[in-house]
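Novice: For reference, the structure I am asking about is given below.
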Amino acid sequence: MGSQGGFGQSKEFLDLVKSIGEARSKSEEDRIVLHEIEMLKRRINEPDIPKRKMKEYIIRLVYIEMLGHDASFGYIHAVKMTHDDSLLLKRTGYLAVTLFLNEDHDLIILIVNTIQKDLKSDNYLVVCAALNAVCKLINEETIPAVIQQVVELLGHPKEGVRKKAVMALHSFYQRSPSSVNHLVSHFRKKLCDNDPGVMGATLCPLYDLITIDVNLYKDLVVSFVNILKQVAERRLPKSYDYHQTPAPFIQIKLLKTLALLGSGDKKSSEQMYTVIGDIMRKSDTTSNIGNAILYECICCISSIQPSPKLLETAADAIAKFLKSDSHNLKYMGIDALGRLIRISPDIAEQHQLAVIDCLEDPDDTLKRKTFELLYKMTKSSNVEVIVDRMIDYMISINDSHYKTETASRCVELAEQFAPSNHWFIQTMNKVFQHAGDLVNPKVAHNLMRLIAEGFGEDDESADTQLRSSAVESYLKIVDEPKLPSAFLQVICWVLGEYGTADGKYSASYISGKLCDVAEAHSSDDIVKAYAVSALMKVYCFEKATGRKFDLLPECHTLLEEMSASHSSDLQQRAYEFQAILDLDSNSIDNIMPLDASCEDIEIDKSLSFLNSYVHKSLEEGAEPYIPENQRSGTLTVIPNIPYDTSSHSLRFEAYEVPKPVVPTRPPPTTTTYPTDLVPVSVSLPEPSYHQPPQPTRYTGPVPDPSPTDLRLRLDGVQKKWGKPSYTSSATSSSTSNFDLTEPQSTGPHNPITWWDRDQYQRHVNRDMSRFRKKNKNSRRHFSVGRLRLRGRKRNNRWRQPPVVSGPPPPPDLLDLGEMSGYSTVVDPFKQLEGLLDVSQDGSTSSSTIPTNGHNQNLMMINEKDDFTPVNGSPNVSNKTTATLTKGPSLKDALDKDALVRQMGVNPTSQNPNLFSDLLS
């Protein structure tokens, strides 16, 4: 591109680059770029743009993307440019799409065909451009489309193509290892390629494979050693030299690979000793790349089986790094020394002073790396110097995270390598004072346990000296301001346990110090609790030994204050202290024994001492204890103990319908039925009435047969409707259409929602069992929304409910008494048709179908349905409308009944058309 003068671009593009470079602020740069984006959006969509101009526009888009702005509007033009026959435009298009797109972009599918075609090109430059795009854009799903062509390119006569083919296979392995597992042999073959570039490219996938499983590639140790030896002897062309170092990056990759293969393998390691020693002697320490190779050699030596000669050579190289004036070389020396310490700790001793000098370096990163090394180098002989330097560094830093880490390391080293008790206490005091609340709370508990237990030796005098030293040091610093809460807890505990143990300090003096601590930190309830407990220990220890000790006025004031505290813990401690004041010395000695903090306490988890009390309570009627594991979730009820689980769990069902007072005998069974209305099967002594199945207009589900045997009995039924909320005026005033056919499907369906469900269930369980006894083979099935009648006698004797005196109320739909108002000549099913609102043309009006909140859909009688009774009654056609000859109008009765129910009055009178009303 740069061969065309002015980089082959227009002056407009050069001015753009210049203006962006001269921008004085980010906002000014954004303004220039946004203006350029608006201009490109207009120009790039113009028709017949010259290819030279389009190439410049694509380069501008690349420049915009590199500055962090969105140029997605031009991605498709870059994809189109990859199809161009011109090599310059094609390479520009491939360069743009590799920068614009990622492997999951939607436009990748448009490039796959172009890549496949270009991989077969005769021009190796086109093939290389396509392979560059393959490494960047081909994802796991599109690998099978190009992998075979890439494998064929491993034998291409051009070394550049072979190298890029190896790189493409390596990218396939990184995305989908399973797709390249069968091609591992090709990597082994290309390791012996005549071109060093192909061999160097093959080292990368082989390193990844060796990282996963070293044992599969142990046979390549000889090959890698030979290649490294040839590189060190400068047998590669001069073009691979970098700062007069032969192929340094190939050397580094080979050394990393040999470090993996030689780890834990003495035989393989012995084959590497010679070549590693030659490289370390020949490395140029005056250049950065030479020092990098030397550092990689040290890392390899620390990984393989150790060689004394190589370790000595590595130690000399590390000494040069540590004495250098470069921060980078010092950092590299510190890191390399940390690796060698794991093999030979003695190496660190000769470099100890040089490492400590690194602590004076102003580079904070180097300081942190040095402290990490010192932490590994610490022994009992140098722990004092190292810990003191670490504490000084901890004081100087402000990073809370690193300060916490440094404090933890200081505590760990002090506990492990403390030369004396006095030094240990002083060191812990410094850590707590300067690290504050950043110290882990476990450190405070560990310190208290260490002081109580001692150092685990049989010499009791050493432990006593440790505790006395702790008391002395804490009495000196207890009055200092801004002590951390964890440290104050330790101080109060130590003063309470051992403040008066050696007799050097009086109980009054220790009590006064503890009262001062509680008063100075009145807002910290934990510190006050520790202080009160320490005061109680001091008093108990003094009284148990027979010495006279009177509480200070400050102590009485503190107890009175804590007795009225809002904290229940502080109140309990204060009341316990006041209760102990009135006890004798023997009781106090049993309650608060001296130096008993480390004694094991036997705990009776079964609480056997309460057995007598428990048995007595059970005999008096107390309920047994329910274990906690049985109380979680669903409660497990102990036998013979009534326990209402419903009162202890949430209930999500609706409120039950109020149960009316029924004067008749209670129901024979106490079975609890679902609240939803269920279908009922009632046995009646009637002959079967066969009706062929008819198509229904309702396609919804119908209820399954009830699992319980429900029977209907109607004597003594109270004249009461269901919940008023289930009935609307529209529902009450409209008539219902029924389909007297066989049920076509089963499922949950409940159109009669205005029924009093509980009352209905009680009726079912009462008096209709006598009909089943008379004729078990004849049943009448009442199905919700459908009715299946197999026969009917006109002389059925229905038991009449008691007649209520008073003015005749609206008809009651639950009264199934004998229908005396009907003519004995008229078929009752014809009377049922009177409920239908039939238009003049004989078709049933759909406007009369009632609806409610339960999506009620009632059946409609087909015009062609004819019924043929057994007794020889004539067939009744649904095309003619039957009229009732006696009794009030059904519509008027239903309207009046709905109005009465809305007013809250329950109808109780007898309905002469009950059978029809019941079905509606």
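The values are calculated or read from the model by the stated rules, or taken from the named source; none is laboratory data. All values derive from a computational prediction rather than experimental measurement. Heads up, the Cβs are rebuilt from the backbone with ideal geometry, glycines too, and the neighbour counts pull from every protein chain shown. Note: accessible area is taken over every heavy atom of the protein model, side chains too, but ligands, DNA and RNA are not part of it. Shrake-Rupley method; radii C 1.70, N 1.55, O 1.52, S 1.80 Å.
Novice: Every residue in the range 53-74 that is among the basic types (Lys, Arg) and either surrounded by 15 or more Cβ atoms within 10 Å (Cβ to Cβ) or outside any helix (DSSP H, G or I) (or both), please.
Specialist: Hits for the range 53-74 are LYS55, ARG60.
Novice: State whether one or more residues within the range 265-272 are closer than 27 Å to LEU337 by Cβ, in contact with a Leu (Cβ under 8 Å, 6 or more places away or on another chain) and assigned to a helix (DSSP H, G or I).
Specialist: Of the range 265-272, the ones closer than 27 Å to LEU337 by Cβ are 265-266, 268-272.
Right, trim to in contact with a Leu (Cβ under 8 Å, 6 or more places away or on another chain) and you get 268, 272.
Pick out the ones that are also assigned to a helix (DSSP H, G or I) and you get 268.
Within the range 265-272, one or more residues are closer than 27 Å to LEU337 by Cβ, in contact with a Leu (Cβ under 8 Å, 6 or more places away or on another chain) and assigned to a helix (DSSP H, G or I).
Condition check ((1) over 47 Å from the mean Cα position of the chain (by Cα); (2) modelled with pLDDT of 95 or more; (3) more than 21 Å from LEU340 (Cα to Cα); (4) in a helix (DSSP H, G or I)) across all residues:
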{"residue": "ASP219", "(1), (2), (3), (4)": "no, no, yes, yes"}
{"residue": "ARG234", "(1), (2), (3), (4)": "yes, no, yes, no"}
{"residue": "SER239", "(1), (2), (3), (4)": "yes, no, yes, yes"}
{"residue": "LEU261", "(1), (2), (3), (4)": "no, no, no, yes"}
{"residue": "THR274", "(1), (2), (3), (4)": "yes, no, no, yes"}
{"residue": "ASP284", "(1), (2), (3), (4)": "yes, no, yes, no"}
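Novice: Is it the case that some residue within the range 545-553 is touching a residue at least 12 places away in the same chain (Cβ under 8 Å), among the basic types (Lys, Arg) and open to solvent by less than 20 Å² (accessible area, probe 1.4 Å)?
Specialist: No, that holds for no residue.
Novice: From LEU206, LEU131, which residue is in a helix (DSSP H, G or I) and under 38 Å from the mean Cα position of the chain (by Cα)?
Specialist: LEU206
Novice: Of the residues that sit in the range 177-187 and are buried (at least 17 other Cβ atoms within 10 Å of the Cβ) and under 43 Å from the mean Cα position of the chain (by Cα), which one is farthest from ILE210 (Cα to Cα)?
Specialist: Ranking the qualifying residues of the range 177-187, first place goes to VAL180.
Novice: Please determine whether any residue of the range 404-422 is modelled with pLDDT under 85, within 18 Å of LEU483 (Cα to Cα) and open to solvent by 40 Å² or more (accessible area, probe 1.4 Å).
Specialist: So far as the range 404-422 goes, no, none of its residues is modelled with pLDDT under 85, within 18 Å of LEU483 (Cα to Cα) and open to solvent by 40 Å² or more (accessible area, probe 1.4 Å).
Novice: Checking HIS77 against (1) in a helix (DSSP H, G or I); (2) loosely packed, with under 13 Cβ neighbours inside 10 Å: exactly one of these is not met. Which one?
Specialist: Unmet for HIS77, out of (1) in a helix (DSSP H, G or I); (2) loosely packed, with under 13 Cβ neighbours inside 10 Å: (2).
Novice: Among (1) open to solvent by 70 Å² or more (accessible area, probe 1.4 Å); (2) in contact with a Cys (Cβ under 7 Å, 6 or more places away or on another chain), where does LYS430 come up short?
Specialist: (2)
Novice: Could I ask something else about it? Please pick out the residue among ILE20, ILE49 that is under 18 Å from VAL79 (Cα atoms), more than 45 Å from the chain's Cα centre (by Cα), surrounded by 12 or more Cβ atoms within 10 Å (Cβ to Cβ) and of a type outside the set (D, E, K, R).
Specialist: Unique residue meeting the criteria: ILE49.
Novice: Say whether the condition of being outside any helix (DSSP H, G or I) and under 28 Å from ILE301 (Cα atoms) is met by at least one residue in the range 392-405.
Specialist: No; the residues of the range 392-405 include none that is outside any helix (DSSP H, G or I) and under 28 Å from ILE301 (Cα atoms).
Here's the yes/no breakdown for (1) closer than 19 Å to LYS482 by Cβ; (2) buried (at least 20 other Cβ atoms within 10 Å of the Cβ); (3) out of contact with any Gly (no Cβ under 8 Å at 6 or more places or on another chain):
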residue: VAL494; (1), (2), (3): no, yes, yes
residue: GLU497; (1), (2), (3): no, yes, yes
residue: GLY503; (1), (2), (3): no, no, yes
residue: ILE510; (1), (2), (3): no, yes, no
residue: ASP516; (1), (2), (3): yes, no, yes
residue: LYS528; (1), (2), (3): yes, yes, yes
residue: VAL532; (1), (2), (3): no, yes, yes
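Novice: Still on this structure, please answer the following. Any residue at all in the range 306-315 that's outside any helix (DSSP H, G or I) and either among the aromatic types (Phe, Trp, Tyr) or closer than 29 Å to MET428 by Cα (or both)?
Specialist: No, there is no match, as no residue in the range 306-315 is outside any helix (DSSP H, G or I) and either among the aromatic types (Phe, Trp, Tyr) or closer than 29 Å to MET428 by Cα (or both).
Novice: Inside the range 480-512, can you point out the residues that are under 27 Å from ASP524 (Cα atoms) and more than 48 Å from the chain's Cα centre (by Cα)?
Specialist: Residues of the range 480-512 that are under 27 Å from ASP524 (Cα atoms), as a first pass: 480-500, 505-512.
Of everything in the range 480-512, those that are under 27 Å from ASP524 (Cα atoms) and more than 48 Å from the chain's Cα centre (by Cα) turn out to be TYR498, GLY499, THR500, TYR505, SER506, ALA507, SER508, TYR509, ILE510, SER511, GLY512.
Novice: Tell me the residue from ILE356, ILE334, ILE318, ILE347 that is part of a helix (DSSP H, G or I), in contact with a Cys (Cβ under 7 Å, 6 or more places away or on another chain) and not basic (Lys, Arg), please.
Specialist: ILE334
Novice: Turning to a different aspect of this structure: Any idea which of (1) open to solvent by 20 Å² or more (accessible area, probe 1.4 Å); (2) without any contact (Cβ under 8 Å) to a residue 24 or more places away in the chain is the one ARG467 doesn't satisfy?
Specialist: (2)
Novice: Here are ILE293, ILE301: which of them is in contact with a Leu (Cβ under 7 Å, 6 or more places away or on another chain) and either open to solvent by less than 70 Å² (accessible area, probe 1.4 Å) or within 16 Å of LEU220 (Cα to Cα) (or both)?
Specialist: ILE301
Novice: Taking the conditions exactly as written (modelled with pLDDT of 90 or more, of a type in the set (Gly, Ala, Ser) and either open to solvent by 70 Å² or more (accessible area, probe 1.4 Å) or not in a helix (DSSP H, G or I) (or both)), does SER27 satisfy them or not?
Specialist: Yes: the conditions hold for SER27.
Novice: OK, next. Suppose the filter is among the small types (Gly, Ala, Ser), without any contact (Cβ under 8 Å) to a residue 40 or more places away in the chain, closer than 20 Å to LEU125 by Cα and exposed (fewer than 15 other Cβ atoms within 10 Å of the Cβ); does SER86 pass it? Spell out the reasoning first.
Specialist: On the way: among the small types (Gly, Ala, Ser): yes; without any contact (Cβ under 8 Å) to a residue 40 or more places away in the chain: yes; closer than 20 Å to LEU125 by Cα: yes; exposed (fewer than 15 other Cβ atoms within 10 Å of the Cβ): yes.
Taking the combined requirement at face value, the residue satisfies it.
Novice: Now for a separate question. Could you tell me how many of the residues in the range 504-554 are within 21 Å of ASP589 (Cα to Cα) and part of a helix (DSSP H, G or I)?
Specialist: 19
Novice: Let me ask something else. Would you mind stating whether GLU38 is open to solvent by 60 Å² or more (accessible area, probe 1.4 Å), part of a helix (DSSP H, G or I) and among the acidic types (Asp, Glu)?
Specialist: Working: open to solvent by 60 Å² or more (accessible area, probe 1.4 Å): yes; part of a helix (DSSP H, G or I): yes; among the acidic types (Asp, Glu): yes.
So GLU38 fits the description; yes.
Novice: Just checking, which of LYS163, LYS190 is surrounded by 15 or more Cβ atoms within 10 Å (Cβ to Cβ), of a type outside the set (Phe, Trp, Tyr) and closer than 29 Å to THR92 by Cβ?
Specialist: Exactly one residue qualifies, and that residue is LYS163.
Novice: Any idea which of (1) of a type in the set (A, V, I, L, M); (2) over 30 Å from GLU480 (Cα atoms); (3) at pLDDT 85 or above is the one ALA348 doesn't satisfy?
Specialist: In the conditions (1) of a type in the set (A, V, I, L, M); (2) over 30 Å from GLU480 (Cα atoms); (3) at pLDDT 85 or above, ALA348 misses (3) alone.
Novice: Write out, first by first residue and then by second, each pair whose Cβ atoms fall under 6 Å of each other, whose residues are 6+ apart or on separate chains, and whose first residue, in the range 315-337, is among the aromatic types (Phe, Trp, Tyr) while the second is open to solvent by 20 Å² or more (accessible area, probe 1.4 Å).
Specialist: Correct list of pairs: PHE321/LEU329; PHE321/MET332; TYR331/LYS369.
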